[in-house]
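Enquirer: Dumping the structure here so I can ask a few things about it.
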Amino acid sequence: MALLIIIAAVTLIETSFLTYRAVRGSKNNGGKRRIYVDTSALMDGRILSIAKTGFIGDDLIIPRSAIRELQLLADGKDTEKRTRARFGMNTANELERVVFCNTEILEDALDRTPVDERLIELAKKNKGLIFTCDYNLQKVAETEKIDVLNPNELANKLRSEFMPGDKFKLRISAEGSNPKQGIGYLPEGTMVVVDNANKDIGKDIEVEFQKYIQTSSGRMMFAKKTSKPKVKKSSKATKPRTNRRQTRARARDSRQ
């Protein structure tokens, strides 16, 4: 009896999930973009993380030809490509479970047309975009006036403006939570924790960034005060040494 109840509960959950996806898919798609996903994006995997956050609310379309290419790589002899291809197929399966976007496996023709050409053809015909990590495919798509989403470009845009080792003139505005720490803020609002800057509140000091951490609540950077260059003390002027013979000659001349 207990087993039947468990089976019924699992069936109900799966049915509810499929019904929810069907209702979402039946709604008006006005304003939604059609994003065609290539094999490099699936093997990269970051598309799944982006989709799970809800940033992609559009229709993700994975051509069957792209899945076939992954299958061929997964059956190949190259160990690295085989591992990445299997990871790409897992990514495609996981994308179908993300509720923030509609993922569709498109039944395109499985002929000898290269996958990249097929993606260009589909995106151009249906006024869609291409999601790829392939730089060459991106350039070809741009020549065809097709918009491209590249996670590498997104990562560069989100990268911190300052890296460890960079220096910056920072105003210390408050004390830190730990002793001897001072707090300052970059122009875009990132908080900077500076060691040994608790006595510099209200001052602009030069700091050197050491590291930064990224959390769901934002970014925080850690820095230290740059050391002032030490001024070398000028050495005392020494009297030039005179030759003993010259001294004796001067003495004789003075006597005469």
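Residue by residue, here is whether (1) farther than 21 Å from residue 135 by Cα; (2) surrounded by fewer than 16 Cβ atoms within 10 Å (Cβ to Cβ); (3) within 23 Å of the chain's Cα centre (by Cα) holds:
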residue	(1), (2), (3)
49	no, yes, yes
55	yes, yes, yes
64	yes, yes, no
71	yes, yes, no
76	yes, yes, no
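Residue by residue, here is whether (1) outside the structural domain of residue 36 (by TED's automatic domain parsing); (2) in contact with a His (Cβ under 7 Å, 6 or more places away or on another chain); (3) touching a residue at least 12 places away in the same chain (Cβ under 8 Å) holds:
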{"position": "130", "(1), (2), (3)": "no, no, yes"}
{"position": "141", "(1), (2), (3)": "no, no, yes"}
{"position": "151", "(1), (2), (3)": "no, no, yes"}
{"position": "192", "(1), (2), (3)": "yes, no, yes"}
{"position": "209", "(1), (2), (3)": "yes, no, yes"}
{"position": "213", "(1), (2), (3)": "yes, no, no"}
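Enquirer: Another one. Is it the case, given these coordinates, that residue 83 is without any contact (Cβ under 8 Å) to a residue 24 or more places away in the chain, of a type in the set (Val, Ile, Thr) and either in contact with a helix residue (DSSP H, G or I) (Cβ under 9 Å, 6 or more places away or on another chain) or surrounded by 14 or more Cβ atoms within 10 Å (Cβ to Cβ) (or both)?
Expert: Spelling it out, residue 83 is indeed without any contact (Cβ under 8 Å) to a residue 24 or more places away in the chain, of a type in the set (Val, Ile, Thr) and either in contact with a helix residue (DSSP H, G or I) (Cβ under 9 Å, 6 or more places away or on another chain) or surrounded by 14 or more Cβ atoms within 10 Å (Cβ to Cβ) (or both).
Enquirer: Go through (1) surrounded by 15 or more Cβ atoms within 10 Å (Cβ to Cβ); (2) closer than 15 Å to residue 35 by Cβ; (3) of a type in the set (D, E, K, R) one by one and return the number of the condition residue 127 breaks.
Expert: In the conditions (1) surrounded by 15 or more Cβ atoms within 10 Å (Cβ to Cβ); (2) closer than 15 Å to residue 35 by Cβ; (3) of a type in the set (D, E, K, R), residue 127 misses (1) alone.
Enquirer: Tell me, yes or no, whether the range 153-172 has at least one residue that is surrounded by 13 or more Cβ atoms within 10 Å (Cβ to Cβ), free of Cβ contacts under 8 Å to residues at least 40 places away in the same chain and basic (Lys, Arg).
Expert: yes
Enquirer: Please go through the range 97-118 and pick out each residue that is of a type in the set (Asp, Glu) and surrounded by 14 or more Cβ atoms within 10 Å (Cβ to Cβ).
Expert: 104, 108, 116
The values are calculated or read from the model by the stated rules, or taken from the named source; none is laboratory data. These numbers come from a predicted model, not from an experiment. Methodologically, a virtual Cβ is constructed for each residue, glycine included, from the backbone with ideal geometry; neighbour enumeration extends over all protein chains shown.
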